[in-house]
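Right, one structure below, let's go through it.
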Amino acid sequence: MSLDTKMILETVKLAKENSGGKKFNQTMELIINLQDIDMKKPEAKIQETIELPHTPKKKTRTCVIATGELALKAKKAGADLIMGKAELESLATDKKGQKKLANDYDSFIAEAPLMVLVGRTLGPTLGPRGKMPKPVPPSIDIKNQISRSGKTVTLRLRGQPTLQCAVGTEDMKDEEIAANVMAVVRRIEGKLKRGLKNISSICLKTTMGKPAKIKL
């Protein structure tokens, strides 16, 4: 069993044809179905954050949790939301606010010294969504981190043997989407005991479209 760029490109084209002709720029979603995996064993504990080769066209909304100079740098770098220690603490008992934050922002970056508080306050909300912040030192190039966050996706195996993530948008070049798909599949393949043999099917679809299956 093998996977090559030509097969992926053919599936990208088919997924776009199956999009239903909606009047908005749909997300391209990758679905990887696994087989012969014991969901109770450690091998099923897959959670991977992958930096894609090509940035999706849709803007990623980033929340930076930081104080002092790093917070000022994040503001200048164009972070969509800057949250300090006081704002973070105010969410501790605000379940509705936590859910709104998780829904409104795609990625989170947190100053390392605040991670214990972040985990205690937002962990139960962000963790299951695969959105736990990446801890960074106060001296980090935050502009570069914000830029990279727009290219990263998180896949997490939860309950069912299926992994899913966005790999681009409908208006991206076929070759760019194919490269993103390949990057994700290769990473997951490396985490599986039998590689591609542990994958039963790989599908690609637009938000409102019908799935197109990549031939394995």
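Is it true that some residue in region 184-196 is closer than 29 Å to LYS85 by Cβ and touching a residue at least 60 places away in the same chain (Cβ under 8 Å)?
There is no residue in region 184-196 that is closer than 29 Å to LYS85 by Cβ and touching a residue at least 60 places away in the same chain (Cβ under 8 Å).
Kindly provide the set of residues from region 6-46 that are under 15 Å from GLU189 (Cβ atoms) and touching a helix residue (DSSP H, G or I) at 6+ places or on another chain (Cβ under 7 Å), ordered by number.
Listed by number, the residues that qualify are ILE8, LEU30, ILE32, LEU34, GLN35, ASP36, ILE37, ILE46.
Would you mind finding the one in ALA66, ALA77 that is at pLDDT 95 or above, more than 13 Å from the chain's Cα centre (by Cα) and in the same structural domain as VAL116 (by TED's automatic domain parsing)?
None of the other options fit; the residue is ALA66.
If I filter region 1-56 down to residues being of a type in the set (Val, Ile, Thr) and assigned to a loop (DSSP other than H, G, I, E, B), which single residue comes out as nearest to SER200 (Cα to Cα)?
For region 1-56, the residue satisfying everything is ILE37.
For residues that are in contact with a strand residue (DSSP E or B) (Cβ under 9 Å, 6 or more places away or on another chain) and either basic (Lys, Arg) or in contact (Cβ under 8 Å) with a residue 12 or more places away in the chain (or both), tally how many sit in region 81-101.
Final tally of qualifying residues: 8.
Of the residues that sit in region 166-186 and are among the acidic types (Asp, Glu) and outside any helix (DSSP H, G or I), which one is farthest from LYS131 (Cα to Cα)? Let's see the steps before the verdict.
Within region 166-186, the subset among the acidic types (Asp, Glu) is 170-171, 174-176.
Still in the list and also outside any helix (DSSP H, G or I): 170-171.
Working: GLU170: 24, ASP171: 25 Å.
Step by step, filter region 166-186, then rank; the result is ASP171.
Would you be able to say whether some residue in region 33-56 is under 30 Å from LEU9 (Cβ atoms), hydroxyl-bearing (Ser, Thr, Tyr) and crowded, with 17+ Cβ neighbours inside 10 Å? Steps first, answer last, please.
Our first condition is that a residue be under 30 Å from LEU9 (Cβ atoms); within region 33-56, this holds for 33-37, 46-56.
Filter once more, keeping what is hydroxyl-bearing (Ser, Thr, Tyr): 49, 55.
From what's left, crowded, with 17+ Cβ neighbours inside 10 Å: 55.
The answer is yes, given that some residue of region 33-56 is under 30 Å from LEU9 (Cβ atoms), hydroxyl-bearing (Ser, Thr, Tyr) and crowded, with 17+ Cβ neighbours inside 10 Å.
Given the options LYS197, LYS210, name the one that is charged (D, E, K, R), part of a loop (DSSP other than H, G, I, E, B) and either in the same structural domain as SER90 (by TED's automatic domain parsing) or at pLDDT 90 or above (or both).
Exactly one of LYS197, LYS210 is charged (D, E, K, R), part of a loop (DSSP other than H, G, I, E, B) and either in the same structural domain as SER90 (by TED's automatic domain parsing) or at pLDDT 90 or above (or both), namely LYS210.
The values are calculated or read from the model by the stated rules, or taken from the named source; none is laboratory data. Fair warning: this is a prediction, and the values are worked out from it, not measured in the lab. With ideal geometry, Cβ positions are generated from the backbone for all residues, glycine too; neighbour counts draw on all protein chains shown.
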